[in-house]
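Here is the structure we will look at.
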Amino acid sequence: MLTNFGIGALVAVSQMMQEEMSLIVKICGLSTRETLSVALDAGADMVGFVFFTPSPRHLALETARDLGKLVKGRAEKVALTVDADDATLADIVEALQPDILQLHGHESVARIGDVRQKFSLPVMKAIAVETVSDLASLSEYAGVADRILFDARAPREATRPGGLGAVFDWHILENLKLAIPYMVSGGLHAGNVTEAVRVTRAGGVDVSSGVERAPGHKDPEMIRAFIKAARRIAHEATMAAQGGR
C-alpha cells in the first residue's frame, strides 16, 4: 500500500510527466549488436554511442556504422563526443548518421552554436554538477542547445567526464525551471531512477555504467530492468493520480 508520502511523490511525477509528455529513456555507451538489440527491443527512446578514446565504451567508426544501421529509426541515435574538432565530428556524422550530437566536454556556448550551425543537428550539452554554482552558466547554454543533460562532476583525476557511476545531489535541480528539455544522468540504475525523476522532475534519464557488469560491458538483463523501472514511473504516477483505479 502506498503511503501518503508515496502517493504525493507519484502525483508530483505524474504532473511532471504531463508537462514533459513521456519520460525519455537513453541507454548510452552501447557497443555490440546484441546489447543494442536488447535496448531497442526493450523500448529505449535514445541509444548512445561514445566516441572518446579514453572511454572503455569508445567505438571505431566502422563499428559505429554497423551499429547505426541496426537502429532503423526505432530510437534516436546519439553521438557522444568530448571537445571534438570539426573534422572528428564530420567523420562521426558520416559514419553513424546520428539524430543528436551530445557534447560532453568543456565546449563553450559559442562552440555549441557553431556545431549546431555547421552540422544542422540538434545538440545536447552535458553540464557537470557538484554544487549549485555549477548551474551558473546554465541559462546561456540553454539559449543555444536543444537539450541539457545533467551529469555528476568527475573527480579531477578521472580520465573521462562521465560514465563513472557517480551520483550528484539531485536536490540541486529541485524546482528547476528550464525552457528546453533536460535529462539527468550519473550513477542511475533500476533501483534509484524513480527517486531521481521525482526529485529533479527531469523529462529524461540516461544510463551507462548502471547497466554494466564491468566497465564497457553492458548486461542485457540490467538494460531491461532499467527501462522497465523507468517505464513504471509513468504508469504508477498515473494510477496514483487517478486514486488507484
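The values are calculated or read from the model by the stated rules, or taken from the named source; none is laboratory data. Just so you know, these numbers come straight off a predicted model, no measurement behind them. Here the Cβ is made from the backbone with ideal geometry for all residues, glycine too, and neighbour counts use every protein chain on show. Note: areas computed on protein heavy atoms with side chains; ligands, DNA, RNA excluded. Shrake-Rupley method; radii C 1.70, N 1.55, O 1.52, S 1.80 Å.
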Among the residues of region 94-112, which ones are within 19 Å of the chain's Cα centre (by Cα) and either assigned to a helix (DSSP H, G or I) or hydrophobic (A, V, I, L, M, F, W, C) (or both)? 96, 100, 101, 103, 112
Given (1) more than 16 Å from residue 141 (Cβ to Cβ); (2) acidic (Asp, Glu); (3) open to solvent by less than 50 Å² (accessible area, probe 1.4 Å), number of the condition residue 76 does not satisfy: (3)
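Residues are listed down the side, and each one gets a yes or a no for (1) out of contact with any strand residue (DSSP E or B) (no Cβ under 6 Å at 6 or more places or on another chain); (2) modelled with pLDDT under 95; (3) under 20 Å from residue 38 (Cβ atoms):
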position	(1), (2), (3)
76	no, no, yes
83	yes, no, no
103	no, no, no
109	yes, no, no
Tell me yes or no: at least one residue of region 112-130 is at pLDDT below 95, surrounded by fewer than 15 Cβ atoms within 10 Å (Cβ to Cβ) and over 17 Å from residue 208 (Cβ atoms). yes
Check off (1) at negative phi; (2) assigned to a loop (DSSP other than H, G, I, E, B); (3) modelled with pLDDT of 95 or more; (4) over 16 Å from the mean Cα position of the chain (by Cα) for residue 2 and give me the number that stays unchecked. (3)
